[in-house]
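We did not get these values from a lab; they are worked out from the coordinates using the rules stated. Only a predicted model underlies this, so the values are computations on that prediction, with no experimental measurement involved. Positions of Cβ are generated from backbone atoms using ideal geometry, with glycine treated the same way; all protein chains shown enter the neighbour counts.
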Amino acid sequence: MPVPKSNLYPDFNIVRLSHVEFMVTDLAASKAFYADTLGLQISYEDSETVFLRALEERNHHCIILRKGQKAEANVLGFKVYDEQELDKAEIYFKEKGLPSEWIERPHQGRTLRTQDLHGIPLEFYARMNQLDPIHQQYKLYKGVRPLRIDHFNCFSTNVDESVAFYNDLGFRVTEYTEDEESKKLWAAWMHRKGGVHDMAFTNGRGPRLHHTAFWVPNPLAIIDLLDLMSTTGYLENIERGPGRHGISNAFFLYIRDPDGHRIEIYCSDYMTVDPDLEPIKWDLKDPQRQTLWGAPAPRSWFEEGTTFANTEISDSQLAAQPIVAP
């Protein structure tokens with residue numbers, strides 16, 4: 001199945017991904033990981049929640065940690081251009097037959113909660129509380145010095161369907177892999193903000209969240225984080241990397257938080273602003289597509305992910321490929 005032609009005039013205008021909400025079983029341990037180790041900045045906290053933002057972000061938060069009995073993801077958040085786009089979004093999802101409702105969210109304006117065709121919980125808003133800039137307060141730069149949230153990657157039971165759905169929302173494919181026998185998509189990277197991706201989909205049992213990524217200044221920040229994690233009790237939380245992806249060309253590191261939620265530390269991909277940019281196809285058997293330097297990924301990276309709250313999990317429609325050095 002070919003990659004669909006980009007929809008340059010979607011029914012409503014999504015600006016970018018915005019935030020994720022994680023349920024965590026030990027709020028203090030998660031706060032220590034995200035704030036004290038990674039270096040995200042706390043914008044609000046109480047006995048049940050911690051809201052954090054990265055150093056270049058003016059919006060109130062990019063990640064919410066909420067205390068709960070089970071580690072899972074509650075929602076993926078996206079920012080739209082203005083309030084009118086929210087009303088258009090409500091019409092769009094209702095016409096698709098997908099559940100949608102207006103909800104109250106702390107530190108956000110009017111918020112529309114809905115889901116995608118496979119059940120991934122989504123929310124859209126136009127306005128969030130704005131905070132004072134801190135990107136030049138260099139005394140706050142610690143850990144990996146996270147600058148901004150960059151993307152989500154999700155397991156999809158049918159990547160072709162996921163790509164078609166998000167393509168209709170105006171996301172554009174930048175890179176992809178295809179199963180040569182069935183001609184079905186194995187994975188795809190899609191963007192709104194002009195990087196390689198805001199959303200990516202990988203064939204697998206799902207829907208599940210594979211990882212949330214944060215952009216950092218340079219690869220040296222990742223080396224600093226590795227030194228810090230390896231000497232402060234987080235050695236076992238280092239899952240994969242550092243390395244350079246073939247797909248996206250980005251420098252990366254994958255780590256796990258205290259509950260197992262996977263975080264990618266990410267930098268150095270490329271600009272994709274041009275609306276006529278042709279997507280790059282990778283051979284599924286090319287070992288350099290995942291790691292340009294050829295280092296193998298662990299089994300956990302292919303198999304484990306965060307479940308979404310109140311979302312049924314199914315097996316993928318494509319048979320699993322053998323795990324080989326990526």
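Mean separation of Cα pairs under 8 Å and 6 or more residues apart, divided by the residue count, gives the chain a relative contact order of 19 percent. Ordering 213-222, 249-258 by mean Cβ neighbour count within 10 Å, with the highest value first, yields 249-258, 213-222. Toward the positive end of the charge dipole of the chain, with +1 on the Cβ of Lys and Arg and -1 on the Cβ of Asp and Glu, the farthest Cα among Ser268, His245, Pro4 is that of Ser268.
A simple count of charges around Lys193, restricted to other residues whose Cβ falls under 11 Å of its Cβ and scoring Lys, Arg +1 and Asp, Glu -1, yields +3.
Placing one identical point scatterer on every Cα of the chain and ignoring solvent, what is log10 I(q)/I(0) from the Debye formula at q = 0.16 Å⁻¹? Taken in order of the listed q values, log10 I(q)/I(0) reads -1.56. Dividing the Cα radius of gyration of the stretch 1-73 by 2.2 N^0.38 Å, with N the residue count, gives 1.46. Pairs from the list Lys31/Lys142; Lys183/Lys285; Lys67/Lys94; Lys139/Lys193; Lys193/Lys281; Lys67/Lys96 with a Cα-Cα gap above 24 Å: Lys67/Lys94; Lys139/Lys193; Lys67/Lys96. Distances over 18 Å make up what percent of all Cα-Cα pairs in the stretch 28-161? Taking all Cα-Cα pairs of the stretch 28-161, the fraction more than 18 Å apart is 62 percent.
Of the listed peptides 278-285, 132-139, what is their order by residue-averaged count of other C-beta atoms within 10 Å, with the highest listed first?
By packing density, highest mean first, the sequence is 278-285, 132-139.
Within the shell of other residues whose beta carbon sits under 15 angstrom from the beta carbon of Arg110, the net charge comes to -3, with Lys and Arg scored +1 and Asp and Glu -1. Rounded to the nearest 500, the 222 nm mean residue ellipticity of the chain from helices alone is -4000 deg cm²/dmol, with -39,500 (n - 2.57) taken per DSSP H run of at least 4 residues.
Of the peptides 166-172, 124-130, 105-111, the ranking by mean beta-carbon count within 10 Å, highest at the top, reads 166-172, 124-130, 105-111.
From largest to smallest, the equivalent ellipsoid semi-axes obtained for the stretch 205-326 from the alpha-carbon gyration tensor read 23, 22, 16 Å. Values of log10 I(q)/I(0) for the stretch 79-125 across q = 0.14, 0.29 Å⁻¹ run -0.30, -1.15, by the Debye formula with one identical scatterer at each alpha carbon and no solvent. Near Asp11, once Lys and Arg are set to +1 and Asp and Glu to -1 for all other residues with Cβ below 15 Å from its Cβ, the sum equals -3.
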